Amino acid sequence: MTNEEKYLKERVGQENPFRTPEGYFDQFTANIMAQLPDRQPVESKPVAKKVSMPIRHWFYAAACVAALVVTAFSFHFHTVDDSQQQVAVTESYIDEAADYAMLDNMDIYQLLAEE
């Protein structure tokens, strides 16, 4: 315990100095309700008829099928054959990459030997 905490405990003590007046919570709800303004009750609108459960299940199933079809078409039309995507790696490309990374032959040999 620090000196400040000891000083405060000696000065104030352990007792909580805050108190509620006697009988405060006895009439608390009634006092709050008396302070609220009067309002007219709001008329409720008729609730739309809910779709029955079996029909709702068909809607869920149709939504799932539609999502699967859209996903399948997007994968089918966006995938490209690997033979069309292959890039011819030439010596000049490798040399340019090594120069960019500032690697000399010894660094390359060392990297290959580590694997």
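Computed values, structure above
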| quantity | calculated |
| --- | --- |
| Residue check, THR20 loosely packed, with under 10 Cβ neighbours inside 10 Å, at pLDDT 80 or above and either in contact with a Gly (Cβ under 8 Å, 6 or more places away or on another chain) or in a loop (DSSP other than H, G, I, E, B) (or both) | yes |
| Residue within region 60-68 that is at pLDDT 75 or above, of a type in the set (A, V, I, L, M, F, W, C) and assigned to a loop (DSSP other than H, G, I, E, B) present | no |
| Among (1) surrounded by fewer than 10 Cβ atoms within 10 Å (Cβ to Cβ); (2) at pLDDT 85 or above; (3) under 35 Å from the mean Cα position of the chain (by Cα) - the single one ASP26 does not satisfy | (3) |
| Residue match in region 75-89 (condition: open to solvent by less than 70 Å² (accessible area, probe 1.4 Å), at pLDDT 75 or above and assigned to a helix (DSSP H, G or I)) | no |
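The values are calculated or read from the model by the stated rules, or taken from the named source; none is laboratory data. Everything quoted here is computed from the prediction, not taken from an experiment. Cβ coordinates were reconstructed from backbone atoms using ideal geometry, including for glycine residues, and neighbour counts include every protein chain displayed. What goes into the accessible areas is simple: the full protein's heavy atoms, side chains included, and nothing from ligands, DNA or RNA. Shrake-Rupley method; radii C 1.70, N 1.55, O 1.52, S 1.80 Å.
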